[in-house]
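Remarks on the structure that follows.
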Amino acid sequence: MRLNDVKPQKGSKKRKKRVARGISAGQGASAGLGMRGQKSRSGSGTRPGFEGGQQPLYRRLPKLKGFPIVNQKIYTTINVEKLGSLPANTEVTLTSLKAAGILTAVKGPLKILGNGELSIPLKVQAAAFTGSARSKIEAAGGSCEVL
């Protein structure tokens, strides 16, 4: 066997279909593109996402930035600095803060945030504490209880 004897296998090479070269070629006249219309013309067809003039899907959908939190917990929040006006060793709860006039509106369970300083010991009962709030209350000699 020599290099000039090498040929592709029989049936592996197929002739390219010559379209629009007369009726005897098999794909004459309309070149297999049907009769008339946009898709039978030369050039590209419609752009991706085109829906024939109807408002396309990408313009029908709202442009949202992110998604809403489904079961979002809403807390009544208060900072540690607001608790400094209370007397020492007081039991701090949602109802006691409302009675003292520190809180005006109750939106949900109480959450203590860590902004500010605290110097008096308090017994705080709340649904949640931030890490800094817990450390400031305990550093002042108070206690934190999660309800």
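The values are calculated or read from the model by the stated rules, or taken from the named source; none is laboratory data. Computed from a predicted structure; not experimentally measured. Here the Cβ positions follow ideal geometry from the backbone for every residue, glycine too, while neighbour counts run over all protein chains shown. We work out accessible area using only protein heavy atoms, side chains counted, and drop any ligands, DNA or RNA first. Shrake-Rupley method; radii C 1.70, N 1.55, O 1.52, S 1.80 Å.
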**Request:** Would you mention how many residues in segment 66-78 are at pLDDT 85 or above, assigned to a loop (DSSP other than H, G, I, E, B) and open to solvent by less than 100 Å² (accessible area, probe 1.4 Å)?
**Result:** 1
**Message:** Contact list please: Cβ distance under 8 Å, first residue in segment 91-102 and touching a residue at least 12 places away in the same chain (Cβ under 8 Å), second residue among the small types (Gly, Ala, Ser) and open to solvent by less than 50 Å² (accessible area, probe 1.4 Å), pairs at least six apart or on different chains.
**Reply:** Val92/Ala126; Thr93/Ala126; Leu94/Ala126
**Request:** Search segment 49-65 for residues that are surrounded by 10 or more Cβ atoms within 10 Å (Cβ to Cβ) and pair each with any residue that is in a loop (DSSP other than H, G, I, E, B) and among the aromatic types (Phe, Trp, Tyr) when their beta-carbon atoms are under 7 Å apart and the residues are at least 6 apart or on different chains.
**Result:** Pro56/Phe50
**Message:** Can you say whether Lys107 is within 11 Å of Thr77 (Cα to Cα), assigned to a loop (DSSP other than H, G, I, E, B), out of contact with any helix residue (DSSP H, G or I) (no Cβ under 7 Å at 6 or more places or on another chain) and open to solvent by 40 Å² or more (accessible area, probe 1.4 Å), as far as the supplied structure shows?
**Reply:** yes
**Request:** Working carefully through the options Thr46, Thr130, find the one that is out of contact with any Gly (no Cβ under 7 Å at 6 or more places or on another chain) and open to solvent by less than 100 Å² (accessible area, probe 1.4 Å).
**Result:** Thr46
**Asked** With respect to the numbered conditions (1) touching a Gly at 6+ places or on another chain (Cβ under 8 Å); (2) at pLDDT below 85; (3) of a type outside the set (Gly, Ala, Ser), which one is the sole condition not fulfilled by Lys63?
**Response** (1)
**Message:** Residues that are hydrophobic (A, V, I, L, M, F, W, C) and in contact with a Ser or Thr (Cβ under 9 Å, 6 or more places away or on another chain): does segment 1-18 have at least one?
**Reply:** no
**Item:** Answer from Glu81, Glu51 - the residue that is of a type outside the set (Gly, Ala, Ser) and not in a helix (DSSP H, G or I)
**Value:** Glu51
